[in-house]
Amino acid sequence: MKTGLGCNSFLASLSCLTFLSCSVLLSPATPAHALNVSLGGGGLLDPSSLTITSVESFDTSDNNKQGLRAVLPTGIRQGDIWSGEMNQGVYRLTNTQDESAVRYYWIDRVPGMLPQQSLSEGGVSIETRVEKGTENSAAGILYHFTPETKNYYAFVVFKEGKYGIFQRSERGFRKVVSGSVKAFKPDSTNRLSVVPRLLDMEFYVNNQQVAKINDGTRPQGAAGIIGIGAGIFVYDNFTTFEIQKAPSATQSITPTKVKAGDPPAEQGNPSAPDPAESTPGQATPQDQCAGIFANNQVKLILRSIEGTYSGTLLFNEDTFAVKAGKKQAGLAGTFSSSGYDYAFEAECKGETLIFTTEGTVYQLKRIQ
């Protein structure tokens, strides 16, 4: 398991150890580029869509030395403006000197993960608050962290009831979006959660969605905690999730029941071409759901053999295997990648296919 932490801004010019990642100075907010940002409107987080894979409770009676706990420092270290303390079931990170400093700690794996998985492919949450600090002091989640480039997202809450989402990239450290939180609890920790949905990252405060960001890449890499500015930052219950797999295509289809005395189903026109011999992606006159459909984001290629559909979904630069079956006026099935299945439904209307997954609707036009 790889782990790491951020070093102070005044150490940035020095050579960091191999397990360190240098933090950066806070810079003025700049407009987000190449990001698709949506604010609020997503409703409440559905816990049933997530499976907990690990919880770091910061309980001192817990002898577990794995996970995030293994990289968190305790006590005061010479030459370091940051100090840490694990006490009364929480972790406190303190910096009382430098208001421009950023400190983060990260891990890329938890026990039980498959070798090909990364932590940010699943959801992450933390209960956190700024116990003491300025209006610019913030604490929260480090997400989508790449150790090689030191790029990441920071989802944080401020002392006065606001949230912020920051991005560290080749352009530096910048604010993407911030806003007020109606569900903010001023005298307690607030739960921040980041949940990936395909290329989207959904951000929640106390299970209320506040933003959704799509930067054109699938969320992956390491995750952890972050503190911004001067203050005392409190963390509890760092939790990782796995997005629940959708049911298989065959499970999502209800077989048609035939009553006694009903005439047998038509066997089709013997002179019609065999679907198994059809050109891949080419629709037969009887099948509006087979073919190639696309818009500026999604391309869906579907082939039909005896009522069962298979094919490929191209979403930006990602490719997914598709399996589906008939459902009333359309299809129900899954598309899969890296061992994860995502449920979808499709409604076939002439030259249009309405593709719906995770509450997001895409209108695709037939191109073949």
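Assorted remarks:
- Label-zone membership for the range 72-108, site Asp59, 7 angstrom Cα→C-beta point, backbone N under 11 Å: 89
- Rounded to the nearest 20, the size of the Cβ-charge dipole of the range 63-165 about its Cα centre is 220 debye, with Lys and Arg at +1 and Asp and Glu at -1.
- Long pairs among Lys150/Lys182; Lys212/Lys326; Lys159/Lys212, criterion Cα-Cα beyond 29 Å: Lys150/Lys182; Lys212/Lys326
- Here the peptides 301-313, 219-231 are ranked by packing, the mean other Cβ count within 10 Å, and the order with the highest first is 219-231, 301-313.
- Three-way shape call for the range 161-209 based on the alpha-carbon gyration tensor, with the a/c threshold at 1.5: oblate
- Taking a ≥ b ≥ c as the square roots of the Cα gyration tensor eigenvalues, the range 80-198 comes out rounded, since a/c falls below 1.5.
- Where trypsin sites (Lys or Arg not before Pro) fall in DSSP loop in the range 74-124, at most 12 other Cβ within 10 Å: Arg77
- Per-residue ³J(HN,Hα) for the range 120-129, Karplus 6.51 cos²θ - 1.76 cosθ + 1.60, θ = phi - 60°, Hz, x for Gly and Pro: 7, 6, x, x, 9, 9, 8, 9, 8, 6
- Inter-site label distance for Lys182 and Ile305 at 7 Å from Cα along Cβ, in nm: 5.1 nm
No lab work stands behind these numbers, since they all come straight from the coordinates. All of these numbers come straight from a predicted model, not from anything done at the bench. Cβ: placed from backbone, ideal geometry, glycine included. Neighbour counts: every protein chain shown.
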